[in-house]
Amino acid sequence: MPDSQPQQPHSSGASGPSGPGSGSTADSGALLLSGARLTDGRTVDVRLGGGHIEAVGTAGSLSAHTARVDLAGYLLLPAAAEPHAHGDTALSADTAGPVSYDAPDVQRRATEAALLQLGHGATALRSHVRIGDVQGLGPLEAVLQARRSLRGLVDLTAVAVPRLLTGVAGADGLAMLRDAVKMGASVVGGCPDLDPDPTGYAEAVLEIAAEHGCPVDLHTDGDDPARLGRLAAMAGGLRAGVTLGPCAGLGRLPEDVAARTAEQLAAAAVTVVCLPQGGCGNAERRGVAPVRLLRSAGVRVAAGSGAMRDVSNPVGRGDPLEAAYLLASRCGLRPEDAYGAVSGAARAAMGLSEVRVEAGFPAELLAVRGDRLAGALSLAYSRIVVHRGRVVARTSAVREYCDSAAAVALDLPRQGRSTGAVPGRSAGDEPSA
């Protein structure tokens, strides 16, 4: 089965929540997640209902009169979110000839990419979509159609990305950006670096955002501190918020210059979305924003995936846990801070509600096999994803070895096929290879 195809997750109990593909946006009953490990070391039961966490108690303390998912051996986390995707170009690296921007092709790519990222654990996605040129608003309409078809599985929002906004050539772009917001693009963005007047481009985007009460998400390398300083000065008054990314150029500046720029961004409450898996533009200018410097200056730093198997990155995986792993292994962040960049900080950058594994918070959760966060980031194979209080995706990884006297003698942990219960399935079901 292709890994992007929706599949009905299994759980014990007769009246579980509806499965992927049902089209329902609300759960049909409560769901109990039993025996899950939290990052503070506790083992708990978590009862979900109405799209929220109803109760959290010690393992075995919560009764279940409905569906139950056994999460023994799993670490339960707030779900990840993807703040910087490109659904219109995703999965196009192997295309023979020019990439098609026909509406059915864009919708298919955007849908498949969103399902892949949902399977990785991202229950909310922000997709940058190019508008203008010969394609006009077609790709945006296709991504918005994908959003509608995915409702109840994953929350998808679109960022309208015009090419030019200044001068005579930019007049069409301005009109099209306004039309894009009327169509349903909930964020306005673009790449000021590609406009002959980058500052004018940013001013135009901020003006349209203020008109419509939309947040701004601009794609910039961030290698011009004066330009970033002007942008921060302009962005301070936008109530809906401003996000910049991937800002890898900040890392190429002298440290004192980058530090002053970071302070300006922090003062303007600008969020930076870095792309640890690589940029989504010129491969020769790849790198990662100076995450620790930005954080020390008080900048909110989130992490996204960027390109997913398109011409910019033909091996992009779109996996938020890989982004967190890279932040920890390459940038030196603590595992908790690294995962926070793809969960809490990413959700905040997207204007979404905070998630904690506590009563009253949204039931946007990710269960990963393991008992510690560092181990989960290192070996995050098996995952169970909960969106709006129901299981919407499950990945089961089974690793088997041939018989080994050494493994038996050392009593090494081994994950293989057994007759025991598998998380997310009734006892006796056979796990997938």
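Yes/no matrix, rows are residues, columns are (1) closer than 30 Å to residue 310 by Cβ; (2) of a type in the set (Phe, Trp, Tyr); (3) at pLDDT 95 or above:
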{"position": "9", "(1), (2), (3)": "yes, no, no"}
{"position": "35", "(1), (2), (3)": "no, no, yes"}
{"position": "64", "(1), (2), (3)": "no, no, no"}
{"position": "70", "(1), (2), (3)": "no, no, yes"}
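To keep it simple, each residue is scored yes or no on (1) in a helix (DSSP H, G or I); (2) closer than 19 Å to residue 132 by Cα.
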{"position": "182", "(1), (2)": "yes, yes"}
{"position": "189", "(1), (2)": "no, yes"}
{"position": "211", "(1), (2)": "yes, no"}
{"position": "222", "(1), (2)": "no, no"}
{"position": "239", "(1), (2)": "no, no"}
{"position": "245", "(1), (2)": "no, no"}
**Asked** Would a scan of segment 45-60 turn up a residue that is open to solvent by 10 Å² or more (accessible area, probe 1.4 Å) and hydroxyl-bearing (Ser, Thr, Tyr)?
**Response** yes
**Message:** Within segment 67-80, does at least one residue satisfy the condition of being in a strand (DSSP E or B), open to solvent by 10 Å² or more (accessible area, probe 1.4 Å) and closer than 27 Å to residue 218 by Cβ?
**Reply:** yes
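Report those strands (runs of 3 or more DSSP E) wholly inside segment 255-374 carrying at least 1 residues which are open to solvent by less than 10 Å² (accessible area, probe 1.4 Å) and within 25 Å of residue 214 (Cβ to Cβ). Step through it out loud before you land on a result.
Details: elements: 271-274, 301-303, 365-369.
Because the criterion is at least 1 residues that are open to solvent by less than 10 Å² (accessible area, probe 1.4 Å) and within 25 Å of residue 214 (Cβ to Cβ), the strands (runs of 3 or more DSSP E) in segment 255-374 that meet it are 271-274, 301-303.
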**Item:** Selected residue [without any contact (Cβ under 8 Å) to a residue 12 or more places away in the chain and closer than 23 Å to residue 278 by Cβ] from 89, 95
**Value:** 95
**Request:** Could you please let me know if residue 389 is more than 30 Å from residue 291 (Cα to Cα), modelled with pLDDT of 95 or more and open to solvent by less than 20 Å² (accessible area, probe 1.4 Å)?
**Result:** yes
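Say whether the condition of being more than 26 Å from residue 195 (Cα to Cα) and of a type outside the set (Lys, Arg) is met by at least one residue in segment 130-142. Steps first, answer last, please.
Taking segment 130-142 first, the residues more than 26 Å from residue 195 (Cα to Cα) are none.
Within segment 130-142, none of the residues are more than 26 Å from residue 195 (Cα to Cα) and of a type outside the set (Lys, Arg).
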**Asked** What are the residues in segment 200-228 that are of a type outside the set (D, E, K, R), open to solvent by 40 Å² or more (accessible area, probe 1.4 Å) and either in contact with a Lys or Arg (Cβ under 6 Å, 6 or more places away or on another chain) or farther than 22 Å from residue 261 by Cβ (or both), if any?
**Response** 210, 212, 213
**Request:** Please determine, by comparing only the residues of segment 84-130 that are at pLDDT below 95 and of a type in the set (Val, Ile, Thr), which one is least open to solvent (accessible area, probe 1.4 Å).
**Result:** 89
**Fill in**
Here the qualifying pairs (Cβ atoms under 8 Å; residues six or more apart or on different chains; first in segment 126-137 and assigned to a loop (DSSP other than H, G, I, E, B); second open to solvent by 10 Å² or more (accessible area, probe 1.4 Å) and hydroxyl-bearing (Ser, Thr, Tyr)) come out as 135/101
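The values are calculated or read from the model by the stated rules, or taken from the named source; none is laboratory data. Every value quoted in this text rests on a predicted model; they were computed, and no experiment measured them. Neighbour counts are summed over all protein chains in view; Cβ atoms, including those assigned to glycine, are modelled from backbone coordinates with ideal geometry. What goes into the accessible areas is simple: the full protein's heavy atoms, side chains included, and nothing from ligands, DNA or RNA. Shrake-Rupley method; radii C 1.70, N 1.55, O 1.52, S 1.80 Å.
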